[in-house]
1. Among the residues of the range 73-101, what is the count of those that are buried (at least 16 other Cβ atoms within 10 Å of the Cβ) and of a type in the set (D, E, K, R)?
2. Please go through the range 143-162 and give me each residue that is out of contact with any Leu (no Cβ under 9 Å at 6 or more places or on another chain) and either among the small types (Gly, Ala, Ser) or crowded, with 18+ Cβ neighbours inside 10 Å (or both), ordered by number.
3. Kindly indicate whether any position in the range 40-55 is surrounded by 20 or more Cβ atoms within 10 Å (Cβ to Cβ), under 20 Å from the mean Cα position of the chain (by Cα), within 25 Å of Ala165 (Cβ to Cβ) and touching a residue at least 12 places away in the same chain (Cβ under 8 Å).
4. Being free of Cβ contacts under 8 Å to residues at least 24 places away in the same chain, in contact with a Lys or Arg (Cβ under 9 Å, 6 or more places away or on another chain) and among the hydrophobic types (A, V, I, L, M, F, W, C) narrows it down to one of Ala154, Ala89, so name that one.
5. Go through (1) surrounded by 13 or more Cβ atoms within 10 Å (Cβ to Cβ); (2) of a type in the set (A, V, I, L, M); (3) out of contact with any Phe, Trp or Tyr (no Cβ under 7 Å at 6 or more places or on another chain); (4) without any contact (Cβ under 8 Å) to a residue 40 or more places away in the chain and name the single condition Ala31 misses.
6. If I ask for residues that are touching a residue at least 24 places away in the same chain (Cβ under 8 Å) and of a type in the set (Gly, Ala, Ser), which ones from the range 63-86 would you list?
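Read the figures in this text as sums done on the coordinates, not as results from a lab. Values in this document were obtained by computation on a predicted structure and should not be read as measured data. Heads up, the Cβs are rebuilt from the backbone with ideal geometry, glycines too, and the neighbour counts pull from every protein chain shown.
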Amino acid sequence: MNKKVERGRSTREQLVAIATRLFAARGYEGASIEAVLQESGLSRGALYHHFVSKEALFDAVLEHVEAGIAEKTLTASRAHTDPVEALRAGCLAWVRLAGDPLVQRIVLLDAPAVLGWERWRAIEERYGFGLLKAALRPIAEQGRLPAELVEPFAHMILAAMNETALLIVRAEDGAAATREAEVAVSELLQRLLVPAP
């Protein structure tokens, strides 16, 4: 039984990895189930055993990509003991990740359109938005932000970060836009989260 479960998990991971590459390269509309099947060597029945639709496969891909983003932003923030510096480092990691074509296509462009705002936000709540709220709590504990404003500040910072990421996506010179965004994000957080007197 354990071998069967492990085989199933391995097949699912293989499908998500292949679909991630295809969705990133071709977009949701351009990546077909047939292409996933051809690359995986699996039957349609095997794919539909794990994912009931192309949308469900995309949902799993988004979860996978968001988990990777969360891991990278957490790694960047853990290098700092000051909670504001940790938040800044995590936000700057996100700005840099926004330059990655895979992140751009799957997270920023296709996810809201394919899954709808509510599902996209539910996934975001478990990853980026959830991490942002968690990062703001110790800042509030230091008196650098009223505790009752953690939730609205998290929404505002998330909106600013996502808009900044979209600026990078749309920029003709992504590297220059990323550098400018890094400066702007640092400046925003410095002004927003003023140390307690």
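1. Taking the range 73-101 first, the residues buried (at least 16 other Cβ atoms within 10 Å of the Cβ) are 73-74, 76-77, 83-84, 86-100.
Imposing the further condition that a residue be of a type in the set (D, E, K, R) reduces the set to 88, 96, 100.
Count: 3.
2. Across the range 143-162, the qualifying residues are Gly143, Ala147, Ala159.
3. Narrowing the range 40-55 to residues surrounded by 20 or more Cβ atoms within 10 Å (Cβ to Cβ): 47, 51.
If we keep only those that are under 20 Å from the mean Cα position of the chain (by Cα) too, we end up with none.
Checked against the condition, which is being surrounded by 20 or more Cβ atoms within 10 Å (Cβ to Cβ), under 20 Å from the mean Cα position of the chain (by Cα), within 25 Å of Ala165 (Cβ to Cβ) and touching a residue at least 12 places away in the same chain (Cβ under 8 Å), the range 40-55 yields no hits at all.
4. Working: Ala154 fails: free of Cβ contacts under 8 Å to residues at least 24 places away in the same chain.
After applying the criteria, what remains is Ala89.
5. All conditions pass for Ala31, except number (3).
6. Initial filter on the range 63-86 (touching a residue at least 24 places away in the same chain (Cβ under 8 Å)): 63-67, 69-70, 72-74, 77, 83-84, 86.
Of everything in the range 63-86, those that are touching a residue at least 24 places away in the same chain (Cβ under 8 Å) and of a type in the set (Gly, Ala, Ser) turn out to be Ala67, Ala70, Ser77, Ala86.
This table checks each residue for (1) surrounded by fewer than 17 Cβ atoms within 10 Å (Cβ to Cβ); (2) closer than 20 Å to Leu109 by Cα.
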residue: Leu136; (1), (2): no, no
residue: Glu141; (1), (2): yes, no
residue: Thr164; (1), (2): no, yes
residue: Asp173; (1), (2): yes, yes
residue: Val185; (1), (2): no, no
